[in-house]
Amino acid sequence: MPLLEVTNLKKIYTTRFGGNKVQALSNVNFSVEKGEFCVIVGASGAGKTTILNILGGMDTLTNGQVFLDGQEISNYDKKQLTSYRRFDIGFVFQSYNLIQGMTAVENVAMPLMFRRVSRKKREEAAREMLKQVGLGERMDHRPNEMSGGQQQRVGIARAFVTNPEVVFADEPTGNLDTKTTKEVMEMFLRFAREKGTTIILVTHDRSLAEYCDRIVTISDGRIISNEDHRHAKAIQDPPAAPAEELPEKLHFTDNTLAAGQGGV
Ligand code: ADP
């Protein structure tokens, strides 16, 4: 069973003034497996943010269904949606959305407050997560004391600190240079592999697809292709160490390759 399943999704916006109708999504169908890194690519206005807002329980749909782990989230009431947003998912934004008056640790610890985790444990988890995103030296810095790339790492740490089922990312590299973009994309891929988190990232930048397991292309509110790159990607990725340096007991099987773990 896929972790996330979207069936016949349709979204019509009615503009506030004049009551014009805009069909933002029509008959969108796709599914994503647990631990998959999925990118949804499309030009501006294609419907990417609309999909993400609906999957993230922040907007309603006009027709269709969205399932997470077999639960129909498109049927959730307000209370269930609040719980879904707090416990099941994480979000990474293009403009980071950090709280300026708080340090990196305080920003990352924030989502754990809703989980009634003690202050000490929240801080420990946030510090550990910041180390995992390579910000061990910047824990007590405020956002305006950090570069864009560092702020986005804090944003990523905040999304993953609760160990959610799914992390949604809306153009997370939109404000970053090429080198930092690569680092951020590799970080998402590493977390998908290490933590088994499902990641759904939307972007207009097709070159980001090379990091992902599934590439869903959307145009004018419709899916025009859905490519499964898991197997192809695992074969392309060389193991981190040369084969002769690996311990003998490590053998690559089709399964380890297909799982994209590269065996090392
Ligand atoms: P993308 O994220 O791919 O740029 P969006 O999901 O933001 O695209 O928008 C898809 C379409 O829906 C566009 O035609 C956009 O103008 C329209 N749209 C988005 N939000 C609204 C809204 N609140 N009211 C009316 N139309 C909207």
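Structure notes:
- The Cα center of the range 121-151 and the Cα center of the range 5-59 differ in position by 32 Å.
- Spatially, the range 170-188 and the range 90-118 are offset by 19 Å when compared through their Cα centroids.
- When the residues Arg214, Arg119 are ordered by accessible surface, computed with a 1.4 Å probe over the protein chains alone, the sequence from largest down reads Arg119, Arg214.
- Cα gyration tensor shape of the range 97-201, rounded if a/c is under 1.5, else prolate or oblate by comparing a/b with b/c: oblate
- Along its first, second and third principal axes, ordered by size, the chain spans 65, 46, 35 Å in Cα coordinates.
- Antiparallel DSSP beta bridges within the chain, as percent of all bridges there, nearest 5: 55
- Straight-line cross-link reach from Lys34 at under 16 Å between alpha-carbon atoms covers these aspartates and glutamates, not counting any fewer than eight positions away in the same chain: Glu5, Asp69, Asp88, Glu165, Glu194, Asp213, Asp228.
- The Cα-based radius of gyration of the range 1-158, divided by its Kirkwood radius, gives an Rg/Rh of 1.03.
- Applying the criteria of a DSSP loop state and at most 13 other Cβ atoms within 10 Å to the trypsin sites (Lys or Arg not before Pro) of the range 52-118 yields Arg115, Arg116.
- Distance violations [Cα-Cα > 30 Å] among Lys120/Lys195; Lys11/Lys79; Lys78/Lys179: Lys78/Lys179
- For the chain, excluding the exposed loop sites themselves (GluC sites (Glu not before Pro), DSSP loop, at most 15 other Cβ atoms within 10 Å), the longest remaining stretch covers 138-247.
- The calculated 222 nm mean residue ellipticity attributable to helices in the chain amounts to -9000 deg cm²/dmol, summing -39500 (n - 2.57) over DSSP H runs of n ≥ 4 and dividing by all residues.
The values are calculated or read from the model by the stated rules, or taken from the named source; none is laboratory data. Since the model is a prediction, treat every value here as computed from it, not as a measurement. Glycine gets a Cβ as well: all are built from the backbone with ideal geometry, and neighbour counts include every protein chain shown. Only protein heavy atoms, including side chains, enter the accessible area calculation; ligands, DNA and RNA are left aside. Shrake-Rupley method; radii C 1.70, N 1.55, O 1.52, S 1.80 Å.
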